[in-house]
Amino acid sequence: MRQLLLLVSIAASSALGCAVVPPPPSALTLAPISADERAQQTRVYATEDRTALLGACVAVLRRHGFAAEDQDAELGVIVAAKDATDGRERTRLRASLAAAPTGEFGLETSLRLTLQRLAWNARGRETKREAVREGGEYAGFFDEVARELGVLRPGAE
Amino acid sequence: MNAAPLVASCALALALCGAARADSADGSRAAAEPTPGSLAVAHEFAAPDLLHAQRIAIATLQDLGFALESADAERGVLIASLLDAHPLRLTVSITAKDDATISASVASDYAGASLANLGPAAAFFSAYEAALNPPPELD
């Protein structure tokens, strides 16, 4: 009997230890971002050469210390990150890029960038997750890509 | 008294616990694979161009405030997590069912633990369907 109680106690402890805190309702309600935010994340380039555009993106990201995490040429996706350690906190700036044909005949390419800051404490627990919303970061990146590529849609700036 | 069933229950609880906490310390597992045992919800849509449908799915995720973590056109798998505040991640699969139909499935997890709540998947499908069938532009 004592052995049974001990085993029940171990099982209960395991279950409690595993209990996952349910997410708050606000985390499960998805809403579209604003048109302004979407515009900030997007730049249209007057080229249908997505390979060259993605190459220019990679060059700019590398120049800023980012390392590629994932890439899919067919979908025009690049995910890159830049890690840093600040005391006991580890931080990551993640850039996710997606290039897609746009324009009436698909002769232009739309490039959409999202920048995200993440941080973890010494125990590996996530302590920060936030979108970068400073417009200058996005505009600066798009301008550098345009210079790298030598192409920019007239009037897009 | 035979304690084998209880021991097996403990092992199962620990195994499930391990699955729910499979993330590495820096969350990098997210880039590779969906959460084990995730509940997926699937829908079919009329869409003759698979690559276009996958691109629309990427744009839909971005419009809902997600950042892409990985994309694989060949497998049709997109993984994205919320940009802000909550560690909510969606694993979206877009594959061809036949020449005119695609199958889309969504699995959600929160902080690495599979979500039974279908709200995020429903929100994605609603936005995705609207993006696949935009209203005609007015002249």
I need B:Phe45, A:Phe105, A:Phe142 ordered by Cβ neighbour count within 10 Å, fewest first. A:Phe105, B:Phe45, A:Phe142
Amide H to amide H under 5 Å from A:Thr47: which residues, 5+ apart in sequence or cross-chain, H placed 1.01 Å off N in plane? A:Thr109
Charge-dipole axis of the range B:27-132 as Lys and Arg at +1 and Asp and Glu at -1 on Cβ define it, positive-most pick from B:Phe124, B:His43, B:Ser114: B:Ser114
Starting from the Cα of A:Glu126, step 7 Å along the direction of its Cβ; do the same at A:Glu74; then give the gap between the two resulting points in nm. 2.8 nm
Given H placed 1.01 Å from N in the peptide plane, which residues other than close sequence neighbours of A:Lys128 have an amide H under 5 Å from its amide H? A:Ala119
Across the residues of A:76-88, average count of Cβ atoms on other protein chains within 10 Å? 2
Between the range B:39-114 and the range A:79-118, how many Å separate their Cα centres? 17 Å
Using only the C-alpha atoms of the range B:83-139, find the volume of their convex hull and express it per residue in Å³. 117 Å³
For the range B:27-132, the Cα-Cα pair-distance distribution in 5 Å bins from 0, as whole percents, is 2, 14, 27, 27, 19, 9, 3, 0
For a Förster distance of 22 Å, can you work out the FRET efficiency between the beta-carbons of B:Ala130 and B:Ala42, rounded to the nearest 0.05? 0.75
Name the long-range amide H neighbours of B:Ser70: under 5 Å, sequence gap of 5 or more, or other chain; modelled H, no Pro or chain starts. B:Ile79
Expected vector for the range A:36-52, Karplus 3J(HN,Hα) from phi with 6.51, -1.76, 1.60 and θ = phi - 60°, integer Hz, x for Gly and Pro, equals 5, 5, 5, 5, 4, 7, 10, 9, 9, 10, 7, 8, 9, 8, 5, 4, 5
For the residue pair A:His64 and A:Arg147, what label-to-label distance in nm results when each label sits 7 Å from Cα along the Cα-to-beta-carbon direction? 1.3 nm
Karplus (6.51, -1.76, 1.60) ³J(HN,Hα), θ = phi - 60°, over the range B:102-116, in Hz, Gly and Pro reported as x: 10, 10, 10, 10, 10, 10, 10, 9, 10, 6, x, 9, 4, 9, 8
Neighbour-count order for A:Glu148, B:Glu74, fewest beta carbons within 10 angstrom listed first: B:Glu74, A:Glu148
Pair A:Asp86, B:Asp49: separation of 7 Å Cα→Cβ label points (nm): 4.3 nm
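Read the figures in this text as sums done on the coordinates, not as results from a lab. Predicted model, so just to flag it, every value in this text is computed and none were measured. Ideal geometry is used to build each Cβ from the backbone, glycine not excepted, and the neighbour counts take in all protein chains shown.
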